[in-house]
Amino acid sequence: MTRRTALSALALALSLSFAPALRSFSAGAQELPLRLPVKADSIRFLVIGDTGTGDSGQYETASVIIKYREKFPFTFALMLGDNMYGSERPQDFLNKFERPYKKLLDDKVEFDAALGNHDDPNQIYYKPFNLGGKRYRTFKKGDVRFFALDSNYLDPEQLQWLEKELQSSGSDWKIAYFHHPMYSSAYHGPTIEVRNALEPLFQKYNVDVVFAGHEHVYERIYPQKGIYYFVQGGSAKLRANDVKRSAQTAAAFDTDRSFMLVEISGDEMFFQTISRKGATVDSGVVPRRKVRTDLQRSAEAGGSAPAKAAPATK
């Protein structure tokens, strides 16, 4: 393979695939397209952020999530912070979390929360959020290691813990999630102090993907220093028409609430972002970082590119 051909293969591998739906199913009178492969033994999860309003927007979005789960049976959900707005009495946890997601909770879907700036720190003791009395934690699903961080206070103790856990992780995939985005083109913009604290560690230890909330929109950022960033803070709150698209913006949605469905199989992470009304607003495939790195090295050396790094054909 020539150097030029290898570089072309690299460019293809780093691109995202946007293709017609693999399948669709009806939910009432509405047709809901599914763009995820639902492969055997894949890791499937939901991503939601800034959810705890208890208003109609949250309940309507939750209803669409539940309908999608009929064809995409995810087993856990990442919560990106601001899990509760306003008071946090027992009835608030009921109205702002347990009722809208009752069907998921009844089906034993595991909710794995991170803390946001509107969250009472005592949420770490609320069992359905699975924080286990800690502000940050790590857990593993198959070959995927997740790191739930507290971006409200990235103290030295948390950063030392994170480096130790990243260094000792033998997982193929490393995914971090927390509240404040390191990259954003919306109202708050990037949280520079969080970026300065975390980006060197994420680069050093080959983190693949980062999810954050805080901005009440959806935004996908072009890879930054080899890492894919997603902002999903519009699962109940909405700041309409808020994204000021920049050179870093790969895709954005800021006219309604939304959520993400994610599937990891082998060296590929498939994702689909869906609105409150069931419309697909973004989708694609992310290759695992090590595969992308190996492909780049092969391209630079003028060798052949590993075929598995290419985006899936849909």
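What the table below lists for this structure:
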quantity	calculated
Per-residue Cβ neighbour rank within 10 angstrom, fewest leading, Lys71, Lys108	Lys108, Lys71
Quotient of C-alpha Rg and 2.2 N^0.38 Å, computed over the range 40-281	0.92
Of Lys141/Lys225; Lys102/Lys237; Lys67/Lys225, those spanning more than 27 Å from alpha-carbon to alpha-carbon	Lys67/Lys225
Integer Hz, Karplus 6.51/-1.76/1.60 couplings in order for the range 139-156, x for Gly and Pro	8, 10, 10, x, 9, 10, 9, 9, 10, 8, 10, 9, 7, 5, 8, 8, 6, x
Neighbourhood charge, 10 Å Cβ-Cβ cut-off, centred on Ser63 and excluding it, Lys, Arg +1 and Asp, Glu -1	+2
Options Ser151, Pro121, Gly132, ranked by Cα towards positive dipole end of the range 42-158, top entry (Cβ charges)	Gly132
In Å, descending, principal axis extents of the Cα set of the range 152-217	36, 25, 15
For peptides 51-57, 215-221, sequence by mean Cβ density within 10 Å, most packed first	215-221, 51-57
Neighbour net charge for Gln272 - beta-carbon separation under 10 angstrom, K R +1, D E -1	-1
Reachable lysines from Lys71, criterion Cα separation under 16 angstrom, eight or more residues apart if same chain	Lys39, Lys103
Ranked by how many other beta carbons lie within 10 Å on average, peptides 178-184, 254-260 from highest	178-184, 254-260
Cα pair distances exceeding 22 angstrom across the range 56-182, given as percent	40
Interchain or long-range residues, amide H under 5 Å from Lys141's placed H	Phe146
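Every number in this text was worked out from the coordinates using simple rules, so none of it is lab data. Quantities reported herein were computed from a predicted structural model and do not represent experimental measurements. Note: ideal-geometry Cβ built from the backbone for every residue, glycine included; neighbour counts use all protein chains shown.
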